[in-house]
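Beneath this line is the structure, given in structure tokens, with notes to follow.
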Amino acid sequence: MIKIPKLLLLLSFFVHTSISAQQTKTVWLDDLLIQTFSEGLRPVQAKKNYSNDTLRINGKKYSRGLGAQSPCVLVFLLNKQATRFSALIGADDLGNKEIALTFYVVGDGKVLFASKEMKIGDDPIKIDLNLMGIKQLGLLVTDKVGGINNKRTYCNWIDAQLEMIGDAKPEHTVNTDEKYILTPPTGKSPKINSAKLFGATPNNPFLYTIAATGERPMTFSAINLPRGLALDKQTGIISGKVSERGTYQTTLKAQNVFGEATKSLTIKIGDTIALTPPIGWNGWNSWEAHIDREKVIASADAMVKTGLRDHGWTYINIDDAWQGVRGGPNLALQPNEKFPEIKGMFDYIHSLGLKVGLYSTPYISSYGGYTGASSDFEKGGESHQSIMVDRRAFNHIAKYRFETVDAKQMADWGTDFLKYDWRIDVNSTERMATALKQSGRDIVFSISNNAPFEKVNDWVRLTNMYRTGPDIKDSWTSLFLNTFSLDKWSPYTGHGHWADPDMMIVGKVSIGPIMHDTRLTPDEQYSHVSIFSLLAAPLLIGCPIEQLDAFTLNLLSNDEVIEINQDPLGKGGRLLLEENGIQVWVKPLEDGSSAVGLFNTGNYGKTPESYFNWGNETAKSFTFDFAKVGLQGKFNLRDVWRQKNLGTFNGSFSTEIRHHGVVMLRMFPQKR
């Protein structure tokens, strides 16, 4: 018989007595703002299943619990103030009958519970777990199919509840990692950062701004501008119209008291616009439906004041919630009361050397409940107020279509970009693509969301940007699945047609009901910007520009990273190597060099624990064998983020890569 020391018995008795003396309180997870705890790919519903219907498992209905879709990732900071977690788990009856689900409960980096594979028709399983001493809790549901497609893998956490000590409640995990800055400050001498390649349509308004850093005042000039264009020497704005098709080689110059800089610009006047990925801002992740004229103007002003415009950031895009009702002689969609004098607002933004975007949908109603480009009535008539009585009933394409008049009205205002948002189909895409091309203005056409890959050739033919997946969230799960899965899209991305993983999730975001700092760690944010750059993805930040902190501004101001994204060759990066949790992505560049990203993905998705950040993860040592990605011989390597030459390397390069972080290189083959 094992004898237990008296001191240990007394200590155990004291601990249990202390806990039992403290009152515990039940916290139902469906009473929380549960979406703020979600780090999964798609939303989590409280007291409903994922499709907003009644929670059901094996024929039985339930009134309490959480409904989600795999991968479901929920994270709670308990701070050792929880005693138990309980729930009834199972596949929702309205989900996919073919795909099995596995449920996990993970605490402080250890699996506390793992279910068997569960399908529709299986009896639910009761969970009741001791959480004493647990600081961070993770709830996870996965399936073996994986990917970002909507597989209808509906999972339920019925009656999910925590027993908490005293008045304690679950809290959100807070990112306390050091926001380390890598990019050196810009110098006083001029440096031109705008794209080297630009396309426009004959006889349409032309707008290109020479983006340049350096001490002001600065003057600009250009040699061999096409006939019809004029340059404002004080602002660097090139505008006008070019009537003759062709390729024009122009030399740009910026000059101040500290020196001058030149850069070659290739202007192509023809049928293709957006020859490099669009780069700018979209208001949805900042303000959602609270967007208004004042916020848009503040964003444009901040784009200038922060210096982002000088690094090439261009677009100020208004997402959903600007739409009013149809009116005017052509019954085109007009702005609502939040956007008076919209033409004047557009003119002001253009005067800053920036461009402006709008949002629409072929549905009667947008996802936010605002008027779309079709109607049940010949002259329109739906409004935000009438739609919101039963919004879902208006999420379809109606008999009467208004693409042509809407596109012409947008062009008359000076719109440069259109985000078109619905469950994508080819016919509606073609209708709006045609309307935009006939509008008399170059308008970048961006379709959203979940463009089916099997129709990628249609998206290449008809659009300038095509969303490859669902709405992105500020979590590693969402970032990884939405971007590191895009290798198959890369062969189809290029001049005038860019695969779009969605907006960027740096700075402050209001994904969910509360604006907050992005939950991505600093390392994940460096990976985020790096993979977007390598993919040649559109760079559309979603944070309030006027609230940027020094770290985020520095993250968005690295001209060498942006240059890789905007490279005139227009090739998307490819995933060429994956070993030991490291992914190697390679993007060929116009000058014969290669941009390379070495990403420490932390073996994401390989274990239940890997879906969460626990705070104790460490860097990995990695030796990059050039031959494994088809690069032979000696290369001069440059650390792109630090803008620092590393030297000449023959065949391999060894480095340390932080957890979920990146080492981004530019590799120049050494001439023999």
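The values are calculated or read from the model by the stated rules, or taken from the named source; none is laboratory data. Nothing here was measured: the structure is a model prediction, and the numbers come from that model. For neighbour counting, all protein chains shown are included, and Cβ atoms are generated from backbone atoms with ideal geometry for every residue, glycine included. These accessible areas exclude ligands, DNA and RNA; they are computed on the full protein's heavy atoms, side chains included. Shrake-Rupley method; radii C 1.70, N 1.55, O 1.52, S 1.80 Å.
Here are a few things to note about the model shown:
- Scan of segment 349-371 for residues that are of a type in the set (Gly, Ala, Ser) and either open to solvent by 30 Å² or more (accessible area, probe 1.4 Å) or more than 20 Å from residue 284 (Cβ to Cβ) (or both), ordered by number: 351, 353
- Filter pass, residue 297 being touching a residue at least 40 places away in the same chain (Cβ under 8 Å), aliphatic (A, V, I, L, M), under 23 Å from residue 543 (Cα atoms) and in contact with a Leu (Cβ under 8 Å, 6 or more places away or on another chain): no
- Candidate set from segment 628-637 (those that are open to solvent by less than 50 Å² (accessible area, probe 1.4 Å) and not in a loop (DSSP other than H, G, I, E, B)); member that is nearest to residue 587 (Cα to Cα): 629
- Subset of segment 110-153 [out of contact with any strand residue (DSSP E or B) (no Cβ under 8 Å at 6 or more places or on another chain), small (Gly, Ala, Ser) and closer than 19 Å to residue 610 by Cα]: 146, 147
- Every residue from segment 453-466 that is out of contact with any helix residue (DSSP H, G or I) (no Cβ under 8 Å at 6 or more places or on another chain) and within 18 Å of residue 431 (Cα to Cα): 461, 464, 465
- As a summary of the residue check, residue 276 satisfies the conditions (1) at pLDDT 95 or above; (2) open to solvent by 20 Å² or more (accessible area, probe 1.4 Å) except for the one numbered (2).
Quick grid of which residues meet (1) surrounded by fewer than 19 Cβ atoms within 10 Å (Cβ to Cβ); (2) within 23 Å of residue 200 (Cβ to Cβ); (3) without any contact (Cβ under 8 Å) to a residue 40 or more places away in the chain:
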{"position": "448", "(1), (2), (3)": "no, no, no"}
{"position": "459", "(1), (2), (3)": "no, yes, yes"}
{"position": "463", "(1), (2), (3)": "no, yes, yes"}
{"position": "481", "(1), (2), (3)": "no, no, no"}
{"position": "500", "(1), (2), (3)": "no, yes, no"}
{"position": "509", "(1), (2), (3)": "no, no, no"}
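- The one condition in (1) outside any strand (DSSP E or B); (2) more than 29 Å from the chain's Cα centre (by Cα); (3) not small (Gly, Ala, Ser) that residue 85 fails to fulfil: (1)
- Residues satisfying the stated conditions in segment 590-611, i.e. touching a strand residue (DSSP E or B) at 6+ places or on another chain (Cβ under 7 Å) and open to solvent by 10 Å² or more (accessible area, probe 1.4 Å): 592, 594, 608, 609, 611
- Total residues in segment 229-284, condition farther than 21 Å from residue 306 by Cα, small (Gly, Ala, Ser), out of contact with any Leu (no Cβ under 8 Å at 6 or more places or on another chain) and not in a loop (DSSP other than H, G, I, E, B): 4
- Scanning segment 49-74 for residues that are within 22 Å of residue 611 (Cβ to Cβ) and either open to solvent by 10 Å² or more (accessible area, probe 1.4 Å) or of a type in the set (Ser, Thr, Tyr) (or both) gives 50, 70, 71.
- Tabulated pairs, segment 301-317, first closer than 18 Å to residue 254 by Cα, second assigned to a helix (DSSP H, G or I) and open to solvent by 10 Å² or more (accessible area, probe 1.4 Å), C-beta under 8 angstrom, 6+ apart or interchain: 307/553; 308/553; 311/559; 311/562; 312/559; 312/562
- Strands (runs of 3 or more DSSP E) within segment 119-200 that include 3 or more residues open to solvent by 20 Å² or more (accessible area, probe 1.4 Å) and of a type outside the set (A, V, I, L, M, F, W, C): 125-130, 154-165
- Test result for residue 162, touching a Phe, Trp or Tyr at 6+ places or on another chain (Cβ under 6 Å), touching a residue at least 24 places away in the same chain (Cβ under 8 Å) and under 15 Å from residue 477 (Cβ atoms): no
- Options 346, 339, 394: the member that is of a type in the set (Phe, Trp, Tyr), out of contact with any Phe, Trp or Tyr (no Cβ under 6 Å at 6 or more places or on another chain) and either at negative phi or open to solvent by 40 Å² or more (accessible area, probe 1.4 Å) (or both): 394
- Candidate set: segment 7-34, residues that are in a helix (DSSP H, G or I) and modelled with pLDDT of 95 or more; chosen: the one surrounded by the most Cβ atoms within 10 Å (Cβ to Cβ): 29
- Some residue of segment 529-536 being farther than 17 Å from residue 637 by Cβ, of a type outside the set (D, E, K, R) and in contact with a Pro (Cβ under 6 Å, 6 or more places away or on another chain): yes
- Residue satisfying all of: in segment 247-304; within 21 Å of the chain's Cα centre (by Cα) and small (Gly, Ala, Ser); nearest to residue 446 (Cα to Cα) among these: 274
- All positions within segment 402-457 that are farther than 23 Å from residue 493 by Cβ and of a type in the set (Gly, Ala, Ser): 407, 411, 414, 435, 439, 440
- Any pair with Cβ under 9 angstrom, 6 or more apart, that starts in segment 211-227 at a residue that is closer than 16 Å to residue 248 by Cβ and ends at one that is open to solvent by 80 Å² or more (accessible area, probe 1.4 Å) and of a type in the set (Asp, Glu): 226/244; 227/244
- Residues that are out of contact with any Asp or Glu (no Cβ under 8 Å at 6 or more places or on another chain) and farther than 13 Å from residue 154 by Cα within segment 86-120 comprise 104, 105, 107, 108, 112, 113, 114, 115, 116, 117, listed in sequence order.
- A count restricted to segment 638-658 and to residues that are in contact with a strand residue (DSSP E or B) (Cβ under 6 Å, 6 or more places away or on another chain) and either open to solvent by less than 40 Å² (accessible area, probe 1.4 Å) or polar (S, T, N, Q) (or both) stands at 11.
- Close contacts from segment 57-71, counting a first residue that is free of Cβ contacts under 8 Å to residues at least 12 places away in the same chain and a second that is assigned to a strand (DSSP E or B), with Cβ to Cβ under 8 Å and a gap of 6+ residues or different chains, come to 61/55.
- Among the residues of segment 201-229, those identified as open to solvent by 60 Å² or more (accessible area, probe 1.4 Å) and farther than 23 Å from residue 186 by Cβ are 203, 223, 224, 227.
So that you can scan it fast, the table gives a plain yes or no per residue for (1) open to solvent by 10 Å² or more (accessible area, probe 1.4 Å); (2) part of a helix (DSSP H, G or I):
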site	(1), (2)
419	yes, no
429	no, yes
432	no, yes
435	no, yes
440	yes, no
466	no, no
